[in-house]
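Since the structure comes first, as structure tokens, the remarks are kept for the end.
The values are calculated or read from the model by the stated rules, or taken from the named source; none is laboratory data. No experiment lies behind these values; they were computed from the predicted model shown. Neighbour counts are summed over all protein chains in view; Cβ atoms, including those assigned to glycine, are modelled from backbone coordinates with ideal geometry.
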Amino acid sequence: MDLKDSILELIRRAATDLSPDVVESLSKAHENEDEGTPARGVFRTILENINMAKDQSTPICQDTGSLLFYIDFPKGDIEKKYKEAIEWAAVEATKKQYLRPNAVDPVSSKNSGNNLGENAPYIHFHQWDKDEVRIRVMLKGGGSENVGTQYKLPYPPLKAGRDLAGVRKVIIDAVVNAQGLGCAPGTLGIGIGGDRVTSYALSKVQFFRKIGERNSDHEIAKLEEEILDSVNKLQIGPMGFGGKTTVLDVFISSQARHPATFFVAISYMCWAFRRKSMVMKNGEVNYD
Amino acid sequence: MTKLNIPISDEEIRKLKVGDEVSLSGTIVTARDEAHKLMIEEKPDFIREYLKESVIYHCGPVVKQDENGEWSFVSAGPTTSAREEPYQADVVCEYNVRGVIGKGGMGAKTAEGLKKCGAVYFHAVGGAGTLIANSVKKVREVFKLEEFGSPEAFWVIEVEDFPVVVTMDSHGNSIHKTVLERSKKIMEELL
């Protein structure tokens with residue numbers, strides 16, 4: 001398969017076929033809810049929908065999100081080649097109804113109709129030492145993006161200081177504010193440190209981790225587990241109907257901060273946690 | 001699971017209570033931001049017959065048109081309803097609507113409107129795009145497609161066994177309010 005077609009297939013998989021780690025996590029959450037509750041009913045519908053979307057090759061959710069690409073390419077390659085292939089694939093994927101047209105010009109309010117626009121799809125390029133290319137895509141829905149938020153510590157309303165205890169407080173606050181609006185149960189990507197932009201960037205890229213994958217830093221891993229446990233006591237539940245699972249997982253990462261700033265960026269991924277990856281080497285493509 | 005056929009009477013809608021699981025069948029209409037703005041600012045009559053004792057669905061579908069020009073729904077889950085809060089109560093009363101399907105719930109003004117005019121808020125499962133599209137059996141009409149674009153147009157559709165949960169009833173009860181208040185209280189204990 002050539003580059004263009006393999007990217008189109010990557011998009012199709014991302015929009016229609018949820019990754020096994022997410023499906024497994026949702027299945028466990030389903031079993032965990034009591035019979036006869038609306039929460040259990042929601043999970044049943046979610047799981048049925050996942051199967052139907054996969055069988056029919058149609059979008060799991062009609063909001064097929066913003067297209068965010070992350071590319072690691074070998075030395076000597078040119079970025080333009082990937083950009084052109086991605087744009088072609090986005091247009092084709094829209095024609096095939098794998099994607100809804102989701103690129104709107106904020107000045108004219110016109111929808112381009114084909115998912116192309118200034119910075120759409122958004123592409124992060126990174127050159128690496130390997131002789132293969134890795135292309136990862138995330139479909140980030142609008143509803144879940146709207147509940148993402150950023151705090152600067154200290155945050156007096158919660159008495160949240162500039163330490164991990166403060167980080168924990170603002171994350172719990174963000175989940176309470178989100179309620180079911182981001183299509184709970186969500187997954188949280190958290191970036192600690194950096195500036196306004198890089199804290200969000202770090203929070204987003206966490207979504208390429210697998211459910212259950214803990215940060216290699218022991219202290220952060222402990223914080224992830226602690227927060228997951230805390231937020232699932234809030235009884236917000238799937239869709240905010242009340243229930244035992246509010247969040248599927250919490251992925252935290254940290255980076256250097258300026259001495260005067262302490263940002264905590266929180267990105268929320270809906271239950272339809274759509275991200276896929278492909279590696280291309282000598283014309284051979286492997287998807288994950 | 002309660003089965004309800006559209007059109008729905010005032011009496012039938014008043015019987016529903018929060019937490020009830022309902023399966024809806026009949027003709028409903030999709031409407032999002034542009035459509036709600038229009039219904040308040042211009043009160044158009046073209047949509048009146050379809051909305052009477054029917055249901056509004058907050059949805060921007062993925063649609064397909066075949067060679068004969070026939071439309072069908074490919075993926076069609078609910079969108080966030082909160083954006084229609086400024087308009088919803090007035091739209092419900094103006095057009096004699098019996099229900100609103102969406103996600104995330106709505107606020108106090110809508111709750112008041114539901115009570116006054118006899119309607120409920122049905123919550124669909126956000127993200128269940130393919131499953132809900134499968135319950136859309138036919139696209140009867142589409143209005144404002146050119147002007148608003150496909151996600152924002154009024155799609156008049158026939159649904160069969162569309163699964164929803166009543167999260168705001170016509171008696172002023174709201175699951176969203178209860179869950180929010182409870183989670184805030186738990187948060188205080190956690191912090």
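Can you tell which of A:Gly166, A:Gly161 is in the same structural domain as A:Asp229 (by TED's automatic domain parsing) and crowded, with 18+ Cβ neighbours inside 10 Å? I'd like the intermediate steps shown before the answer.
Numbers: A:Gly161 fails: crowded, with 18+ Cβ neighbours inside 10 Å.
Going through A:Gly166, A:Gly161 in turn, just one is in the same structural domain as A:Asp229 (by TED's automatic domain parsing) and crowded, with 18+ Cβ neighbours inside 10 Å: A:Gly166.
Tell me yes or no: at least one residue of the range A:173-192 is over 29 Å from B:His123 (Cβ atoms) and not assigned by TED's automatic domain parsing to the domain that holds A:Phe125. Don't jump to the end; show me each part of the working.
Here is the first cut: in the range A:173-192, the residues over 29 Å from B:His123 (Cβ atoms) are A:191-192.
Filter again for not assigned by TED's automatic domain parsing to the domain that holds A:Phe125, leaving A:191-192.
Yes, that holds for at least one residue.
Report, by residue number, each residue of the range B:23-37 that is buried (at least 21 other Cβ atoms within 10 Å of the Cβ) and either farther than 19 Å from B:Thr80 by Cβ or not β-branched (Val, Ile, Thr) (or both). Break it down into steps so the answer makes sense when it comes.
Going through the range B:23-37, the residues buried (at least 21 other Cβ atoms within 10 Å of the Cβ) turn out to be B:24, B:28-32, B:35-36.
Correct list: B:Leu24, B:Ala31, B:Arg32, B:Ala35, B:His36.
So for the range A:246-261 (the condition being crowded, with 21+ Cβ neighbours inside 10 Å, more than 19 Å from the chain's Cα centre (by Cα), assigned by TED's automatic domain parsing to the domain that holds A:Ala178 and not in a strand (DSSP E or B)), does at least one residue qualify?
The answer is no, given that none of the residues of the range A:246-261 is crowded, with 21+ Cβ neighbours inside 10 Å, more than 19 Å from the chain's Cα centre (by Cα), assigned by TED's automatic domain parsing to the domain that holds A:Ala178 and not in a strand (DSSP E or B).
Filter the range A:46-62 down to the residues that are facing another protein chain (nearest Cβ under 7 Å), buried (at least 23 other Cβ atoms within 10 Å of the Cβ) and either at pLDDT below 95 or in a helix (DSSP H, G or I) (or both) and list them by number.
A:Ile46, A:Asn49, A:Ala53, A:Gln62
Name the one entry in A:Gly182, A:Gly142, A:Gly212 that is surrounded by fewer than 18 Cβ atoms within 10 Å (Cβ to Cβ) and within 14 Å of chain B (Cβ to nearest Cβ). Can you show your working first?
Values: A:Gly182 fails: surrounded by fewer than 18 Cβ atoms within 10 Å (Cβ to Cβ); A:Gly212 fails: within 14 Å of chain B (Cβ to nearest Cβ).
So the residue among A:Gly182, A:Gly142, A:Gly212 that is surrounded by fewer than 18 Cβ atoms within 10 Å (Cβ to Cβ) and within 14 Å of chain B (Cβ to nearest Cβ) is A:Gly142.
Can you give me the ranges of the helices (runs of 4 or more DSSP H) entirely in the range B:1-116 with at least 2 residues that are of a type in the set (Asp, Glu) and over 26 Å from A:Gly113 (Cβ atoms)? Quick ask: steps written out before the conclusion?
Working: elements: B:10-15, B:33-41, B:48-51, B:85-95.
Because the criterion is at least 2 residues that are of a type in the set (Asp, Glu) and over 26 Å from A:Gly113 (Cβ atoms), the helices (runs of 4 or more DSSP H) in the range B:1-116 that meet it are B:10-15, B:85-95.
So, in the range B:51-109, exactly how many residues are at positive phi and at the interface with chain A (Cβ under 8 Å from one of its Cβ atoms)?
Number satisfying all stated conditions: 2.
Please name all residue pairs, on different chains or six or more residues apart, with Cβ atoms under 6 Å, provided the first residue is in the range B:1-19 and is closer than 12 Å to B:His171 by Cα and the second residue is in a loop (DSSP other than H, G, I, E, B).
Pairs that qualify, where the first residue is closer than 12 Å to B:His171 by Cα and the partner is in a loop (DSSP other than H, G, I, E, B), are B:Ile13/B:Arg98; B:Ile13/B:Gly118; B:Ile13/B:Ser170; B:Arg14/B:Ser170; B:Leu16/B:Asp169; B:Lys17/B:Asp169; B:Val18/B:Asp169; B:Val18/B:Asn173.
Step by step: first the residues of the range B:61-117, then only those that are among the acidic types (Asp, Glu) and under 13 Å from the mean Cα position of the chain (by Cα), then the one that is nearest to B:Asp45 (Cα to Cα). Which residue is that? Even if it seems obvious, please write down each step before you answer.
Of the residues in the range B:61-117, the ones among the acidic types (Asp, Glu) are B:66-67, B:70, B:84-85, B:90, B:94, B:112.
Among the residues that remain, those that are also under 13 Å from the mean Cα position of the chain (by Cα) are: B:84-85.
Numbers: B:Glu84: 20, B:Glu85: 22 Å.
Checking each candidate, the answer is B:Glu84.
Any residue at all in the range B:161-169 that's outside any strand (DSSP E or B), among the acidic types (Asp, Glu) and at pLDDT 95 or above?
Step one: of the range B:161-169, the residues outside any strand (DSSP E or B) are B:169.
Now drop any that are not among the acidic types (Asp, Glu), which leaves B:169.
Next, only the ones that are at pLDDT 95 or above stay: B:169.
Yes, there is a match, as at least one residue in the range B:161-169 is outside any strand (DSSP E or B), among the acidic types (Asp, Glu) and at pLDDT 95 or above.
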